[in-house]
Amino acid sequence: MKGPNHFGYLIFENIYKYFNNNVADKKILLVGQISLFNRIYAYYEPIEKFVKVSALRWEDHPFNSEPKMKELYDYFERHLKYIYNEDAEYKKTLRNIETYTAWLTEKNIDSIWLSYEGRPDQFTESKNFIKFDGDNLGAYVEKNKLRLKDDPILKTDDLHMTINAHRLVANTIYEKIRG
């Protein structure tokens, strides 16, 4: 295992790589969704590739109860117990949002941000940040039963959003742009 990074780092790194090398000759709108605060991205030697890790259960992806993934699972458990701090990750994420918003604005790029998690008091709704009924996106879709696991027909354990939730997000972003 080498060099784990919070997955949000990868999101900001990709934004930087793309827009640092591509000049916007017309107005662009970037919509960025902040990843789960506890998600990491790390190179795992036994399988010789980078892995996105956020699962809390041994049987979930990327571990899938595979013996070769046990060390990574154990590492992630220790990371969450001894290293990970939600408030520190939030503060780092907020600094990145503010820094990237200013940097993108200089490049003629507007940005809108939303977060799937985080306490309601952590992110302030603003010109560049969207809350959903005063909450983060994850809490909103959970309260309003807009996850795939909430769909009685699908009968799945999947926590991703339904098509209707995606429509709601798109409409909320559209309204934010119009306003």
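For region 13-35, enumerate the residues that are modelled with pLDDT under 85 and in contact with a helix residue (DSSP H, G or I) (Cβ under 7 Å, 6 or more places away or on another chain). Hit for region 13-35 is 35, nothing else. Can you find, within region 38-56, the residue that is modelled with the highest pLDDT among those that are among the charged types (D, E, K, R), outside any loop (DSSP other than H, G, I, E, B) and over 14 Å from residue 71 (Cα atoms)? Once the filter is applied, the top-ranked residue is 49.
Conditions tested, residue by residue: (1) touching a strand residue (DSSP E or B) at 6+ places or on another chain (Cβ under 8 Å); (2) exposed (fewer than 13 other Cβ atoms within 10 Å of the Cβ).
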| residue | (1), (2) |
| --- | --- |
| 61 | no, yes |
| 84 | no, no |
| 88 | no, yes |
| 94 | no, no |
| 109 | yes, no |
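Just one of the listed residues (178, 167) is at pLDDT 90 or above and out of contact with any strand residue (DSSP E or B) (no Cβ under 6 Å at 6 or more places or on another chain), and it is 167. Scanning region 82-132 for residues that are within 21 Å of residue 170 (Cβ to Cβ), of a type in the set (Asp, Glu) and at pLDDT below 90 turns up 117, 125.
Considering only residues in region 116-143 that are outside any strand (DSSP E or B) and among the hydroxyl-bearing types (Ser, Thr, Tyr), the one that is surrounded by the most Cβ atoms within 10 Å (Cβ to Cβ) turns out to be 140.
Could you look through region 144-163, keep only residues that are surrounded by 12 or more Cβ atoms within 10 Å (Cβ to Cβ) and outside any loop (DSSP other than H, G, I, E, B), and pick out the one that is farthest from the chain's Cα centre (by Cα)? This residue is 150.
The values are calculated or read from the model by the stated rules, or taken from the named source; none is laboratory data. Quantities reported herein were computed from a predicted structural model and do not represent experimental measurements. Neighbour counts are summed over all protein chains in view; Cβ atoms, including those assigned to glycine, are modelled from backbone coordinates with ideal geometry.
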